[in-house]
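Student: Once you've had a glance at the structure underneath, I'll fire off some questions.
Taken together, the values in this text are just the output of simple stated rules run on the coordinates, not laboratory data. Everything numeric here is computed off the predicted structure, so don't read it as measured data. Every residue, glycine among them, receives a Cβ derived from its backbone with ideal geometry; neighbour counts consider all protein chains shown.
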Amino acid sequence: MCATCGCDAETTVTMHEPGAHMHDHSHHEHTHNHDSSASKVLSVEKDILQENNLLAQRNRGFFEGRNILSFNLVSSPGSGKTSLLEHTLTALKGEMEFAVIEGDQQTTNDADRIHATGTKVVQINTGKGCHLDAHMVLHAVQNMQLKQNSVLFIENVGNLVCPSMFDLGEKERVVIISVTEGDDKPLKYPDMFHTATVCIINKMDLLPYVPIDLEKLKTNALHINPSLKIFTLSCTSGEGMQQWLQWLRARVHEAVTI
Amino acid sequence: MHELSIVLSIVDIATAEMEKAGGQSILEIELDMGCLSSIEMNAFEFAWMQGIKETALEHVVKKVNRIEGRARCLDCSNGFALQHFYDACPACGSHRMDILQGKELSVKTMVLSQAAPSP
């Protein structure tokens, strides 16, 4: 076994950029030619996501200090994140103070829709980026003057893969899936369902027209994450919206009394 | 394509650690990447080739420890290997589990080339 990196002959994952390495280094025969006086092994032990995670905790502390209940909304594009927000903000207007951060690669279309509901909103355009990270949220929040005892929705970039790895400092991660997407979606994109705390199954008004087994969808999601709280609703027909709004009210009340 | 973000974070960590230790360049880097850590290895390798260009890691030898997923069942306490988050406990069929390993994502060690000996 190699003394410096512990690899053995079975391990073939080491990569070497051809022509780029300047000293003789036959890795798997372990004839290292490092001059021991000129090289040194450093124990690093650092989480690759530590920078994001530290900033996320900073956001989380800020939210908790001001009693701001924060939600990170994640889904594939077109599942109805913005529609859910529009309906939620409109229904609870006057009951509680809201703010929204919108994440998209380009355009302010979603922010414009939220602005039309009379809610404070900031749009983050990630350019080519496929997810929001804690650093982006930190800067968005700096410009928002969020009120005490308010609710912050962060609508992530429509992508069911990448945002799962990036903690933003949110209290609840809400994954939204529409019935048109198929009941095996949780199995195909397990990381997002594994890290979410709430799952909203949207577009229930389309259920009669699509070949989907709703119970199977729920079971699949719960197999990946047994503690997931599931809502079924339709932003278009209003079906199931009351349960979601009631839960949200209770959650806000909980946050205030803690 | 979050793998590129991951590669760039590795470059940042490695560069900072090298400078802190007074190294001149990085010869080897060892990464722990759990099999349940949301990293697609093909995408990671592609992002790696692009992301390390003109950085302290450009000529590095990379070693990746793929750590297999292991969990303990919360209902029957059975310990088992976990390939997917939707796997059930093979003993009792429960999906309630404590994941013990497999989510690792860290820079473990590096081999640095030292600065020329001081006179």
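Student: Report the rotationally averaged projected area of the protein assembly as shown based on its alpha-carbon convex hull, in square nanometres. Before the final figure, lay out each step's value.
Tutor: Values: hull surface 90.7 nm².
Spelled out: convex hull of the Cα atoms, projected over all directions, averaged, 22.7 nm².
Student: Cα to Cα, under 16 Å, and not fewer than 8 places away if on the same chain: which aspartates and glutamates meet these conditions relative to B:Lys53?
Tutor: B:Lys53 reaches A:Glu17, B:Glu3, B:Asp12, B:Glu28, B:Glu45.
Student: Now for a separate question. Ratio to report: Rg/Rh of region A:80-147, with Cα atoms as the point set and Rh obtained by the Kirkwood method; give two decimals. Provide the component values of the computation, followed by the final result.
Tutor: Numbers: Rg = 12.1 Å, Rh = 12.5 Å.
Taking Rg over the Kirkwood Rh, I get 0.97.
Student: In nm, give the distance between the simple-model label positions of A:Asn67 and A:Glu45, each being 7 Å from the Cα along the Cα-to-Cβ direction.
Tutor: According to this spin-label approximation, the distance is 4.1 nm.
Student: Test of understanding: express the Cα radius of gyration of region B:46-92 as a ratio to 2.2 N^0.38 Å, with N the residue count. Show your work: numbers first, answer last.
Tutor: Numbers: Rg = 18.4 Å, N = 47, 2.2 N^0.38 = 9.5 Å.
Its radius of gyration relative to the 2.2 N^0.38 Å reference: 1.94.
Student: In nanometres, what is the gap between the two model label sites at A:Glu239 and B:Ala88, each 7 Å from Cα along Cα-to-Cβ?
Tutor: 2.9
Student: May I ask you to list the residues of region A:68-83 whose amide nitrogen lies under 18 Å from a point 7 Å from Cα along the Cα→beta-carbon direction of A:Asn149?
Tutor: Output list for this probe position: A:68-70.
Student: Taking A:Lys40 as the anchor, which lysines have their alpha carbon closer than 19 Å to its alpha carbon, excluding any fewer than eight residues away along the same chain?
Tutor: B:Lys20, B:Lys62, B:Lys63, B:Lys108
Student: If you don't mind, another one. Nothing charged except the Cβ atoms of Lys and Arg (+1) and of Asp and Glu (-1): what's the magnitude of the dipole of region A:71-230 about its Cα centre? Round to the nearest 20 debye. Mind dumping the intermediate values first?
Tutor: Working: 14 positive and 19 negative charges, 24 e Å.
The calculation lands at about 120 debye.
Student: Next question, about the same structure. Residues in region A:163-205 near a label at B:Glu40, defined as backbone nitrogen under 15 Å from the 7 Å Cα→Cβ point?
Tutor: A:163-165, A:188-192
Student: Let me ask you something else. Treat each spin label as a single point 7 Å out from the Cα along the C-beta direction, and report the A:Ala116 to B:Leu74 distance in nm.
Tutor: Each label point is offset 7 Å from its Cα along the Cβ direction, giving 4.2 nm.
Student: Where the centroid of each part is defined by its Cα atoms, how far is region A:141-210 from region B:49-119 in Å?
Tutor: Here the answer is 26 Å between Cα centres.
Student: Another question, then. For A:Lys81, list the lysines whose Cα falls under 27 Å from its own Cα; do not include residues on the same chain fewer than 8 positions away.
Tutor: Leaving aside lysines fewer than 8 places away in the same chain, those within reach of A:Lys81 are A:Lys93, A:Lys120, A:Lys128, A:Lys147, A:Lys171, A:Lys185, A:Lys188, A:Lys203, A:Lys216, A:Lys218, A:Lys229.
Student: With point charges of +1 on the Cβ of Lys and Arg and -1 on the Cβ of Asp and Glu, referenced to the Cα centre of the protein assembly as shown, which listed residue (B:His95, A:Val198, B:Ser77) lies farthest in the positive direction of the dipole?
Tutor: A:Val198
Student: Are there cysteines in chain B with no second cysteine's Cβ under 4.7 Å away, and if so, which?
Tutor: Those would be B:Cys35, since no other cysteine Cβ in chain B comes under 4.7 Å of theirs.
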